Amino acid sequence: MLVVMAGRPRSFDRDAALLAALEQFWRTGYEETSVAMLTSAMGVTPPSLYAAFGDKRRLFEEASAMYFERTCEAVDRAAELPTTHEAIAAILTDTAHAHTDPATPAGCLMLTEPRLEPQRKIIHRRLQDRLDQGVRDGDLPATTNTDHLASFLVAVMRGMSGCARDGGTAEDLVGIAETAMAALPAPAPARATGTPH
């Protein structure tokens, strides 16, 4: 698709160039990624990069925002599952497969890039919201510290990302996910009903 901006047609597909930049940042991190590396990956000249995206920082912000939006969509889909344990299991299993997808760089940009701490805090908040719902629904005991549990889950996901970057397989990461699931509190015991005899 030809993207038109300011009345002048681009000589490249902006969306494709943005995806290429995202992959480069994902592979090498913000600090280690040079403008020369970006222009090579994107197939554009430096003037075209600056005209379309501004500078390296703004290009990273746009690319990481796109990545984060997709991550949130995946988390939100899993969070809609009926029980908390099903939702968290789906999030961790999806994470394991996403981190080891051969079509993309290993690991997770959001979980490993130091500049994206604010996005990690949002993921923490979304996980905690789902855990809070679990407490209200009786999936988790009322005494569950959902803040600490959400922090634990983010730490697990970051560890899975590191494992993938070190060459871990999907099976390795699924094993981590399954072990982490064992740390989730069991559902709250059902309340007795009826008149005692």
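The table below lists the values:
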quantity: Counted residues, region 67-87 - those being open to solvent by 60 Å² or more (accessible area, probe 1.4 Å) and free of Cβ contacts under 8 Å to residues at least 40 places away in the same chain; calculated: 8
quantity: Odd one out for residue 132 among (1) in a helix (DSSP H, G or I); (2) of a type outside the set (A, V, I, L, M, F, W, C); (3) open to solvent by less than 30 Å² (accessible area, probe 1.4 Å); (4) in contact with a helix residue (DSSP H, G or I) (Cβ under 6 Å, 6 or more places away or on another chain); calculated: (3)
quantity: Failed condition for residue 35, given (1) loosely packed, with under 15 Cβ neighbours inside 10 Å; (2) of a type in the set (Val, Ile, Thr); (3) touching a residue at least 40 places away in the same chain (Cβ under 8 Å); calculated: (3)
quantity: Region 135-151, residues that are touching a Ser or Thr at 6+ places or on another chain (Cβ under 8 Å) and either open to solvent by 60 Å² or more (accessible area, probe 1.4 Å) or hydroxyl-bearing (Ser, Thr, Tyr) (or both); calculated: 137
quantity: Which numbered condition residue 168 misses (of (1) of a type outside the set (Asp, Glu); (2) without any contact (Cβ under 8 Å) to a residue 40 or more places away in the chain; (3) not in a helix (DSSP H, G or I)); calculated: (2)
quantity: Subset of region 99-122 (residues that are among the aliphatic types (A, V, I, L, M), over 14 Å from residue 156 (Cβ atoms) and out of contact with any His (no Cβ under 8 Å at 6 or more places or on another chain)); calculated: 103, 109, 110, 116, 122
quantity: Tally of residues being open to solvent by 20 Å² or more (accessible area, probe 1.4 Å) and either more than 17 Å from residue 109 (Cβ to Cβ) or touching a Cys at 6+ places or on another chain (Cβ under 9 Å) (or both) across region 45-60; calculated: 7
quantity: Flag for residue 64 being open to solvent by 60 Å² or more (accessible area, probe 1.4 Å) and not hydrophobic (A, V, I, L, M, F, W, C); calculated: no
quantity: Answer residue from region 88-104, given it is touching a residue at least 12 places away in the same chain (Cβ under 8 Å) and not in a helix (DSSP H, G or I) and is surrounded by the fewest Cβ atoms within 10 Å (Cβ to Cβ) among those; calculated: 104
quantity: Odd one out for residue 184, checked against (1) part of a helix (DSSP H, G or I); (2) surrounded by 14 or more Cβ atoms within 10 Å (Cβ to Cβ); calculated: (1)
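The values are calculated or read from the model by the stated rules, or taken from the named source; none is laboratory data. Quick caveat, the model's predicted, so the values are computed rather than measured. So basically every Cβ, Gly included, is an ideal-geometry build from the backbone, and we count neighbours across all protein chains shown. Heavy atoms of the whole protein, side chains included, go into the accessibility calculation; ligands, DNA and RNA do not. Shrake-Rupley method; radii C 1.70, N 1.55, O 1.52, S 1.80 Å.
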